[in-house]
């Protein structure tokens with residue numbers, strides 16, 4: 001019989017405290033077959049399609065991606081009731097009762113109803129600390145008063161929160177030098193008064209089991225406080241072992257001939273291959289001899305060394321010093337690193353056929369992960385493409401499509417900046433990237449050169465509960481030049497369109513920018529419970545960039561004469577603008593299979609000084625797989641702009657202001673397939689009025705009427721490492737002038753539908 005499990009009732013007299021029944025479903029040992037949108041059992045249907053012959057591959061495949069019918073089990077029902085009760089008791093509902101009742105239904109189905117009677121919860125009425133070691137007591141109480149502890153007077157007597165508080169105190173003390181402290185050292189004593197719902201809670205912190213016997217030796221009679229003391233530990237010697245085949249202290253003892261190099265305050269033990277210079281190892285090691293033990297120092301060393309591209313494996317062992325006559329409370333640190341693959345090369349080959357014109361493309365990528373033995377990552381890319389051109393070539397300068405592109409970059413695993421102190425560089429685990437690129441294009445109508453150079457810094461902060469990433473682009477140069485073109489090429493393709501003319505004319509952009517990214521997304525670990533679903537995930541990305549300010553200041557300072565009303569460099573007008581963007585995403589995980597995701601994005605770009613228009617490649621566009629999905633890429637806006645020809649009008653469908661709002665429901669279907677329902681809203685606008693973009697200017701009294709609306713469905717294939725996305729978007733409100741305003745009311749498939757394929761979620 002197939003069960004139908006549900007929470008029947010939740011009753012609580014807890015002064016307004018509410019129990020979320022959705023959380024309690026995680027404690028059910030037996031649940032019904034999964035339903036999509038509350039009615040369709042797709043996984044069960046897939047399983048039912050399989051035949052009984054298990055030798056057939058398609059039957060085995062259908063059973064693997066499907067879900068077998070859930071057969072009612074009385075013992076699992078009783079176990080579920082016990083787990084539900086224990087979950088409530090752990091949350092402070094000491095008098096909770098759970099009653100399981102079963103009702104037989106037609107079709108050999110069993111309905112299981114769990115009646116939950118929570119009762120009045122218990123609260124923490126007082127909080128005391130039993131910590132005989134006065135030094136430890138000062139550390140705990142000082143931090144507890146200065147920060148938000150996980151439990152306090154007036155909180156529910158929640159055992160999960162108590163365990164979190166225990167972990168917080170362990171982390172606190174281990175970062176204060178108390179190496180031997182662990183969770184077993186901390187216990188709680190709860191005192192209750194008959195008839196009262198308030199609990200007197202005492203936190204007990206005793207000496208570690210490792211240390212207590214040692215302190216008992218030689219203790220004077222009657223001196224009981226020594227039995228409760230925990231000693232702080234200090235780092236004695238630090239060894240970094242650089243050898244592929246040595247990953248532990250035990251392996252080090254049995255190793256053959258090794259070379260030891262002294263580097264400031266630590267020793268580096270090399271194997272046959274000295275693949276890293278001492279300075280980079282010293283810089284990435286945060287364990288300092290003579291300093292008090294800190295768990296954070298060990299974790300930062302793991303993180304810093306793990307970021308080095310040439311390092312494949314890192315292991316750190318701490319060994320208490322036990323030599324005769326050595327002081328107590330000393331640790332020797334052994335840091336073991338092994339080498340990753342030093343070099344790699346990849347080749348890509350593609351073929352093309354455009355209306356009978358054959359062509360090919362060849363791409364080559366080379367990586368060196370340890371340039372100059374400092375774990376510098378060097379990357380070089382080369383690409384060439386060629387396509388023949390048949391037919392009449394009179395009046396053209398080239399009889400082919402060809403392209404030659406090269407890119408080279410090097411990433412340093414540190415803050416490469418002459419004005420920063422060594423301590424600051426070590427404190428901020430940053431990487432520095434230098435890159436140059438060159439692209440030579442031959443087209444029938446023109447020859448174009450695109451060159452660029454960039455210098456940027458990246459660093460991030462990883463803490464429990466959040467991750468912050470920073471990118472600062474000190475300089476980013478983009479240079480475009482057309483050395484050859486057919487006669488009047490620009491005038492023919494864009495006689496009156498400044499946007500189109502700009503995209504093919506010589507131009508120069510020298511910009512700088514900063515990007516901030518923050519998320520609370522948890523990194524899955526093996527220690528997490530199978531039921532530990534993160535309730536919500538937030539993501540914030542903000543960026544700002546400016547261009548032309550330095551060049552404009554130099555032009556003014558040297559008294560450069562304007563040409564055609566603007567300053568130029570190398571005979572080319574340089575762009576000057578400021579641009580800012582912000583995106584926020586909130587994803588609510590309803591359960592392990594369903595989620596609601598919301599996104600809001602806003603951007604604005606403003607030209608000034610040497611420019612009257614933001615460069616085309618820096619302007620915003622709307623529509624597409626990551627925008628308002630009822631429209632194709634660059635087919636929406638700006639404002640109420642009426643685009644009739646997607647071939648000629650796309651160049652005009654860009655703007656200086658962007659607004660995007662999205663809502664999406666996501667549900668796991670079966671196997672790797674996920675389903676989605678979404679609603680999108682947004683548009684773009686221009687700051688100024690342009691003749692080629694009529695009705696595209698942003699106006700406060702009209703912009704809200706020009707917000708486009710779309711809806712649709714999606715199918716995704718989640719392969720864990722990447723996700724393929726197929727979305728079908730339909731127009732609901734079209735702000736374009738002289739077009740159907742409400743396609744939702746008068747739908748037309750050929751006009752309103754757009755199909756999108758992409759990789760990854762839209763937000």
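The values are calculated or read from the model by the stated rules, or taken from the named source; none is laboratory data. None of these values were measured; they are calculated from a predicted model. Don't worry about glycine lacking a Cβ; one is built from the backbone with ideal geometry, like all the others, and counts go over all protein chains shown.
Observations
- Checked against (1) out of contact with any strand residue (DSSP E or B) (no Cβ under 8 Å at 6 or more places or on another chain); (2) surrounded by fewer than 19 Cβ atoms within 10 Å (Cβ to Cβ), residue 695 passes all but condition (2).
Quick grid of which residues meet (1) in contact (Cβ under 8 Å) with a residue 24 or more places away in the chain; (2) assigned to a helix (DSSP H, G or I); (3) surrounded by fewer than 16 Cβ atoms within 10 Å (Cβ to Cβ):
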{"site": "235", "(1), (2), (3)": "yes, no, no"}
{"site": "239", "(1), (2), (3)": "yes, no, no"}
{"site": "250", "(1), (2), (3)": "no, yes, yes"}
{"site": "260", "(1), (2), (3)": "no, no, yes"}
{"site": "287", "(1), (2), (3)": "yes, no, no"}
{"site": "290", "(1), (2), (3)": "yes, no, yes"}
{"site": "303", "(1), (2), (3)": "yes, yes, yes"}
{"site": "309", "(1), (2), (3)": "yes, no, no"}
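- Number of the condition not met by residue 30 [criteria: (1) part of a loop (DSSP other than H, G, I, E, B); (2) under 30 Å from residue 713 (Cα atoms); (3) in contact with a helix residue (DSSP H, G or I) (Cβ under 6 Å, 6 or more places away or on another chain)]: (2)
- Region 312-327 residues that are under 20 Å from residue 178 (Cα atoms), paired with ones that are assigned to a loop (DSSP other than H, G, I, E, B) (beta carbon under 7 Å, 6 or more apart): 317/248
- Candidates 411, 447 - the one that is modelled with pLDDT of 80 or more, in contact with a strand residue (DSSP E or B) (Cβ under 9 Å, 6 or more places away or on another chain) and under 22 Å from residue 308 (Cβ atoms): 411
- Between 177, 167, the distinction of being crowded, with 20+ Cβ neighbours inside 10 Å and within 23 Å of residue 294 (Cβ to Cβ) belongs to 177 only.
- Residue list for region 406-439, restricted to those being closer than 19 Å to residue 506 by Cβ and surrounded by 16 or more Cβ atoms within 10 Å (Cβ to Cβ): 437, 439
- Residue in region 258-275 that is at pLDDT below 80 and over 19 Å from residue 316 (Cβ atoms) present: no
- Residue 558 being surrounded by 14 or more Cβ atoms within 10 Å (Cβ to Cβ) and more than 24 Å from the chain's Cα centre (by Cα): no
- Entirely in region 78-180, the strands (runs of 3 or more DSSP E) that have 2 or more residues that are closer than 21 Å to residue 24 by Cβ: 97-105, 109-119
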